[in-house]
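Coordinate-derived values only; no laboratory data. Worth saying up front: this structure is predicted, and the values here are computed from it rather than measured. As a convention, Cβ positions derive from the backbone with ideal geometry for all residues, glycine included, and neighbour counts pool all protein chains shown.
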Amino acid sequence: MNAIPNPIPARHKNVNRAEVCDQNFIEFVQDWQGSPLRVSAQDAPVLADSLCTLRDFVELFDSQLISRHLDLMARVLRVKNKVFYTIGSSGHEGNAMVARLTRHTDPAFLHYRSGAFMAERFRKLPGTDGKKLDPIMDSALSFAASKDDPASGGRHKVWGSKPLWVLPQTSTIASHLPKAFGTAVAIEQGKRIGHKLPIPDDSIAICSFGDASSNHATAQTAFNAAAWTAYQKLPAPILFVCEDNGIGISVKTPGGWVANNFRNRNDLDYFYADGLDLAEGYEGVARAIHHCRSTRRPTFLHLRTTRIMGHAGTDFEIEWRSFEELMAVEASDPLLRSAAIALQSGVYTKEQLLARYEDVRKRCFTAAEEADRRPKLTDLADVIAPLAPYHPNQVNLEAKRADYADRRAAVFGGAERLPEKLPPRHLAIQINNALHDLFCKYPEALLFGEDVAQKGGVYTVTKGLHKAFKNARVFNTLLDETIILGLAQGFANLGLLPIPEIQYLAYFHNACDQIRGEAASLQFFSNGQYRNPMLLRIASLGYQRGFGGHFHNDNSITALRDIPGLIVGCASRGDDAARMLRTLMALAKIDGRVCAFLEPIALYMTKDLYTAGDGAWQFAYPTLDQALTLGEERVYAAEAKDLVIFTYGNGVPMSLRAARTIETERGWKVRVIDLRWLQPLNDAAIAQHAGDCERLLIVDEGRRSAGVGEGIITAIVEAGHGAKPLKRVVGVDTYTPLAGAALLVLPGEADIVTAARALA
């Protein structure tokens, strides 16, 4: 005969699990029956044999209480539309130990369940500029999406603080691990090249994430790169903190998976700590941090946590978990263990502890009510202000700055061998010359990627840079685009100017989120306090003969143009490339911009334009006082008014050749516009040229449904020129095939001529 199960008390059947957890704590304290030990010395162990002292425990427990009551407050005020975020930290409060045992100058990239970490880190720096830092008020402003939120200015609920070196993260799963690894490498790289770091030389990078996120491809690539680095005896002082609560939203992690998966990995040093017990877990956390800082090796801290109150306020766990299971999880609440330690050690009496608990609750609700009264973002200009800062005068001065004559003379082999003294050359050579110049100009510049060092790149575009500037500044990476862009962000975080290379545009898609979700969003989500200046070089576009197919002839420019705040430049000729690179680097240096420079592969070695041997697509290297203005187009035959062709990249020489045929056939004068800047498009210039000319033609090697042409047409129509005869020559919606078949799907000169005839 089956035993009759004990009935579950009605209180525990409450669908509001936040109320249950709150009441659990109160009842636990009220019902506690132990005998206090009366520990009095602040430096004495809070419990026998614990590395955690009484002083440590008191402050850690207070940080835990702050985190918990911020969660409880958010659940209550969300239904009143006073709070806009309910992914809480309940069950993860043990991460306060990581904050206590690290420094506030150790850059931190945090999991979203890091309320206690933040509360504890605030103790490291009581105030700045005469202002007292307040974790409760700062968090409340963030929860309320207030314009006064010091982390993001009300743009997103993020854990972040400029003075505390907590770089704001978006909610993308695991996408912060590569840039955290990059920051760890940057600490050592900065020292190698004599760059003055904004943090102490022995700093470490901290990166926390959940057990479910540890399985993500982006996380795995960071672990692999860290081990790859350590395997070569290179320092990579990163502390990976896996906060293992056993579940990801509703998908449970198999028991023992994290330990078994990471405990025996070579060159990723594993430590375990119980994050549910401050007295027990403190030593494990301390050991991991000491190991990371002293050995400069990647360290994996497996921190045991739990998750109570569900994934977020909208996660009603009772719909898919039994009451028995929920009660078992809630019984592991780390605050119950901390309460027991507090009572057992004599830190608090039961009455004092409950009074403290209610005092923190009151402070959180008071702060939340105040935050609700603070101004919100109500103006579009305010919302987007930090996204894409641009100071044209300062950028122009920086782009044309030429105070490095001695250095470049040494690098190029004497004043008579400077590139501006030499005959006109093709695109690849002039990009190479410009990169040498940029390295002379910016001692903090680094160039890295696959095959870029001794080999000089697949197309020899970076040839000689490694020899001139050595391995500390020009180096190969492992074959992983995600890590290349993670490294770039890490270097940028510490004041360096990275020039990462992605070997082909098709390979960028493997790592797109490192730019879209992370690098380009940082200024926006940090309200301009942090930035990721970088100049991303990508061998791009189609028409590569004898070698190709889709993976080496990719025209998916839309993947870049859709990234808010990203600048995309594409030069079709060598002199423009040099000018554009100077401007892009200045945009990164002055305004912290993330810039992408698309290099048309098929034009790298192109020397001729109209006939073999004419050398008409080689150009003199521009003197250092020349640079481009962002958005500035190049105009061929500015006086022509019969037809204007808008194009870029490979389309420029094609359109110039087609223009000759059109002029011969129809007697028209043809103006060709090389847009050069693909994001943002210069709508005003497009409108002006469209207004000047009778007929409009767009040559776009992007795909019909996702190219650059749509933006050009929009600018034309919105300027009121949509009634003019207009045609678009554009790529087909397909992948690019191999060999001659590629020319069937890409626009050609004959297509341009045919479109012009149709405009007649």
Handout entry: Label-point gap, in nm, between residue 125 and residue 291 - each point 7 angstrom along Cα→Cβ
Key = 2.9
Exercise for the section: Show the residues, 5+ positions off or on another chain, whose built amide H is closer than 5 Å to the amide H of residue 446. Expected result: 497, 499
Practice task
Using DSSP, restrict attention to beta bridges with both residues in the chain and report what percent are antiparallel, rounded to the nearest 5.
Solution key: 20
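Once the piece of chain linking residue 391 and residue 87 is laid out straight, how much longer is it, given 0.36 nm per residue of separation minus the C-alpha distance between them?
Working: separation 304, 0.36 × 304 = 109.44 nm, distance 3.76 nm.
Taking 0.36 nm per residue and subtracting the Cα distance, the gain is 105.7 nm.
Given a Förster distance of 56 angstrom, what is the FRET efficiency for residue 324 paired with residue 192, based on the Cβ-Cβ distance and rounded to 0.05? Show your work: numbers first, answer last.
Values: r = 57 Å, r/R0 = 1.01.
After rounding to 0.05, the efficiency reads 0.50.
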Problem - Residues listed by number, region 631-660, amide nitrogen under 13 Å from residue 616 label point at 7 Å toward C-beta - result: 637, 653-660
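Which longest run of the chain has no exposed loop site in it, a site being chymotrypsin sites (Phe, Trp or Tyr not before Pro) in a DSSP loop with at most 11 other beta carbons within 10 Å, and the site itself not part of the run? Intermediate results must be reported in sequence, preceding the final value.
Details: sites that count: 320, 547, 610.
Answer - 1-319.
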Completion exercise
If R0 = 30 Å, then residue 479 and residue 251, at their Cβ-Cβ distance, give a FRET efficiency to the nearest 0.05 of 0.45
Practice task
Work out, step by step, the length gained on full extension between residue 664 and residue 314: first 0.36 nm times the residue separation, then minus their alpha carbon distance; give nm to one decimal.
Solution key: 119.1 nm
Practice task
Pull out a ≥ b ≥ c, the square roots of the eigenvalues of the alpha-carbon gyration tensor of region 634-759, then state rounded if a/c is under 1.5, prolate if not and a/b is larger than b/c, and oblate in the remaining case.
Solution key: oblate
Exercise for the section: Counting only trypsin sites (Lys or Arg not before Pro) that are in a DSSP loop and have at most 13 other C-beta atoms within 10 Å, tell me the longest site-free stretch of the chain. Expected result: 234-454
Completion exercise
Contour minus Cα-Cα span, residue 354 to residue 331, at 0.36 nm per residue, comes to 6.4 nm
Practice task
For the chain, give the magnitude of the charge dipole about the Cα centre (Cβ charges: +1 Lys/Arg, -1 Asp/Glu; no others), in debye to the nearest 20.
Solution key: 1260
Fill in the blank from the handout: Once phi for every residue in region 201-209 is put through the Karplus expression 6.51 cos²θ - 1.76 cosθ + 1.60 (θ = phi - 60°), the whole-Hz ³J(HN,Hα) values, with Gly and Pro written as x, are 4, 9, 5, 10, 9, 10, 9, 10, 6
Practice task
Using DSSP, restrict attention to beta bridges with both residues in region 392-603 and report what percent are antiparallel, rounded to the nearest 5.
Solution key: 0
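Quick check: from the Cα gyration tensor, does region 13-383 come out rounded (a/c under 1.5), prolate or oblate? Working shown, then result.
Details: a/c = 1.40, a/b = 1.20, b/c = 1.16.
Rounded is the answer for region 13-383, as its axis ratio a/c remains below 1.5.
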Practice task
Would you please give the residues with an amide H less than 5 Å from that of residue 728, counting only those at least 5 places away or on a separate chain, with H modeled from the backbone geometry?
Solution key: 698
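Restricting to bridges with both residues inside region 13-383, how much of the DSSP beta-bridge set is antiparallel, in percent to the nearest 5? Don't skip to the answer; put the middle values down first.
Values: 7 of 28 bridges.
Antiparallel: roughly 25 percent of the beta bridges in region 13-383.
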Handout entry: Positive dipole terminus of region 392-603, leading residue within 476, 497, 424 (C-beta point charges)
Key = 424
Practice task
Past 18 Å, Cα to Cα, is the threshold; run 179/233; 82/162; 132/376; 82/362; 131/162 against it and keep the listed order.
Solution key: 179/233; 82/162; 132/376
